[in-house]
Amino acid sequence: MGGMFGVELKQAGFDGVVVEGASDRPVYLWIHDGIAEIRDASHLWGKGSLTTEAELRRELGDESISVMSIGPAGENLVAFACITCDYGNQAGRAGMGAVMGSKRLKAIAVRGEGEVPVADPKAMERLYRQVVDYMTSREEIKAWWEQGLMQVIEWAQEASCLPSYNFKDARFEWAHLIGGEAIARAKVKDVSCYLCPMACKKLMRARGRAVVGPEYETAVFLGSNVGVSSLEDIAYANWLCDELGMDTISAGALIAFIMECRERGLVDDGGLDVRFGNAEAVFRLLEMIAYRRGLGALLADGVREAAKRIGGGSERFAIHVKGLEVSGYDVRAAPAMALAYATADIGAHHNRAWAITYDVKAGRDSYGEDKVRWVIYLQHVRPLFDCLGVCRLPWVELGVDLKAYEGFYRAATGVDLSLDDLLKASERVYNLTRSIGYVRGLRREDDWLPRRF
Ligand code: SF4
């Protein structure tokens, strides 16, 4: 998760937080200067994530506090409720917000002003300088400064893998209005995580709200995949998801699904006019899902459950793997990415193995073993970034050498592990998460793709 939470937590004297059990009333956790206090949050319960953040900063009297919180979706145990941190960074996928909601834990606020002990500060600083110099010398970084992740919209349109109209199409006729060039015109400023020179996030205004985003996946699922062609409408829907505390990918996927259900006459939308392209219907549905009202109650447990309830053959166009709504790449002509989706531990999530660029490079119609090997490599290497608590983008997009991560690890901890050792640990994590899936009932036959693909 982006933002400042990790830095503040470490400066407050903690490496991590484990929350056991559940409270019988709403609470928040306030961590500061080596102390962790559980405080009453009944005055915050029912409020949006962004509102909660602002109120907690006021209440605790410090604008620099980092806050992660849940919105009404997390409180109502929506299956894809997320945790929002520092105005627009998310633990987005697979319902982590519902986990906090089930514990009645509204928020965790943290502030630390202590020194962070580093085993070899000189080596750390030298390596950081080298990596920043390398990143800022790359020609590609200019597109990240200008457009951030939104540049992927134009790329996906060109590659015909841009999900549109509930994955019925892989190109969107209005892509030029919702992509990188559009955000470059609309953005107010660039936003960065702690000490990152890429500054890939873009702040824009929509309907009077300041929104950090949208980014690629959000522009797909609140844009092309629901047929919405206005960047401002997408950004406002993004703001609603942040405030309500919902993953933009799953929420948008559910709305596209119900739009297709309506198109096929499988549901009565009660006059909501839930048709592709209707942004107002998207806004209303987002609220209805978060509060489990009307059609929203039908959708709040995810697309697999919604298709079971609606029936009528709707499971044929319920786009999920293992119950998780598919991320923003159409994989019908992308075998490596398709394999990555099918075999991902948590369901079809792009961050487990972003293999589609390899499909484009190696040939979309190639089914060679090299693609299998590449997917396995990516799946094994990517947990490394989660273990280190760092962003993948400098490696994926600007080619920062993995050896640099070995150097950072050694400089920070003083532990002499090689890159090979770190990668073995990363592979173990992936195998462990697959094993947990097995214990929870997943089997090989669950490694499969939605019927539409
Ligand atoms: S590249 Fe990663 S760390 Fe840098 S601003 Fe973007 S999300 Fe944050």
- Message: So, in the range 299-352, exactly how many residues are in contact with a helix residue (DSSP H, G or I) (Cβ under 6 Å, 6 or more places away or on another chain) and in a strand (DSSP E or B)?
- Response: 3
- Members of the range 114-134 that are among the small types (Gly, Ala, Ser) and assigned to a helix (DSSP H, G or I): Ala123
- Item | Check on Glu243, among the charged types (D, E, K, R) and touching a Gly at 6+ places or on another chain (Cβ under 6 Å) | yes
- Only one of Glu315, Glu369 is over 20 Å from Ser160 (Cβ atoms) and not assigned by TED's automatic domain parsing to the domain that holds Thr433; which? Glu315
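This table checks each residue for (1) closer than 17 Å to His350 by Cα; (2) at pLDDT below 95; (3) assigned to a helix (DSSP H, G or I); (4) not assigned by TED's automatic domain parsing to the domain that holds Cys391.
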position	(1), (2), (3), (4)
Thr136	no, no, yes, yes
Glu146	no, no, yes, yes
Gln151	yes, no, yes, yes
Ala156	yes, no, yes, yes
Arg171	no, no, no, yes
His176	no, no, yes, yes
Glu181	no, no, yes, yes
Ala184	no, no, yes, yes
- Any idea which of Ala79, Ala94, Ala107 is buried (at least 23 other Cβ atoms within 10 Å of the Cβ) and part of a loop (DSSP other than H, G, I, E, B)? Ala79
- Report whether or not Ser42 is surrounded by fewer than 16 Cβ atoms within 10 Å (Cβ to Cβ) and either hydroxyl-bearing (Ser, Thr, Tyr) or in the same structural domain as Cys196 (by TED's automatic domain parsing) (or both). yes
- If you take the residues of the range 392-401 that are among the aliphatic types (A, V, I, L, M) and under 13 Å from Tyr134 (Cβ atoms), which of them is farthest from the ligand (Cβ to nearest atom)? Val400
- Message: Condition first: more than 16 Å from the ligand (Cβ to nearest atom) and crowded, with 24+ Cβ neighbours inside 10 Å. Can you find one or more residues in the range 168-178 that meet it?
- Response: yes
- Message: When you scan the range 45-54, do you find a residue that is surrounded by 12 or more Cβ atoms within 10 Å (Cβ to Cβ) and free of Cβ contacts under 8 Å to residues at least 12 places away in the same chain, even just one?
- Response: yes
- Task: For Val282, indicate whether it is touching a His at 6+ places or on another chain (Cβ under 8 Å) and either modelled with pLDDT of 95 or more or of a type outside the set (Phe, Trp, Tyr) (or both).
- Result: no
- Filter the range 363-375 down to the residues that are part of a helix (DSSP H, G or I) and surrounded by fewer than 17 Cβ atoms within 10 Å (Cβ to Cβ), then identify the one that is farthest from the ligand (Cβ to nearest atom). Glu369
- Is there a residue in the range 435-448 that is within 23 Å of Ile319 (Cα to Cα), of a type in the set (Phe, Trp, Tyr) and either in contact with a helix residue (DSSP H, G or I) (Cβ under 8 Å, 6 or more places away or on another chain) or crowded, with 18+ Cβ neighbours inside 10 Å (or both)? yes
- Query: Can you name the residue in the range 396-409 that is in contact (Cβ under 8 Å) with a residue 24 or more places away in the chain and touching a Leu at 6+ places or on another chain (Cβ under 7 Å) and is also nearest to Ala355 (Cα to Cα) among such residues?
  - Reply: Ala404
- Note on the structure: Just one listed residue, out of Leu384, Leu432, Leu378, is at pLDDT 95 or above, under 25 Å from the mean Cα position of the chain (by Cα) and within 16 Å of the ligand (Cβ to nearest atom), and it is Leu384
- Item | Subset of the range 29-49 that is charged (D, E, K, R) and outside any strand (DSSP E or B) - its residue that is modelled with the highest pLDDT | Lys47
- Message: I'd like to check something: does the range 42-61 contain any residue that is among the small types (Gly, Ala, Ser) and under 17 Å from Ser250 (Cβ atoms)?
- Response: yes
- Message: Of the conditions (1) assigned to a helix (DSSP H, G or I); (2) out of contact with any His (no Cβ under 9 Å at 6 or more places or on another chain); (3) without any contact (Cβ under 8 Å) to a residue 24 or more places away in the chain; (4) over 25 Å from Trp145 (Cα atoms), Asp359 satisfies every one except a single condition; which number is it?
- Response: (3)
- Message: Just to check your reading of the model, which residue among Asn238, Asn225 is in a helix (DSSP H, G or I) and either modelled with pLDDT under 95 or within 16 Å of the ligand (Cβ to nearest atom) (or both)?
- Response: Asn238
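The values are calculated or read from the model by the stated rules, or taken from the named source; none is laboratory data. Values in this document were obtained by computation on a predicted structure and should not be read as measured data. Cβ coordinates were reconstructed from backbone atoms using ideal geometry, including for glycine residues, and neighbour counts include every protein chain displayed.
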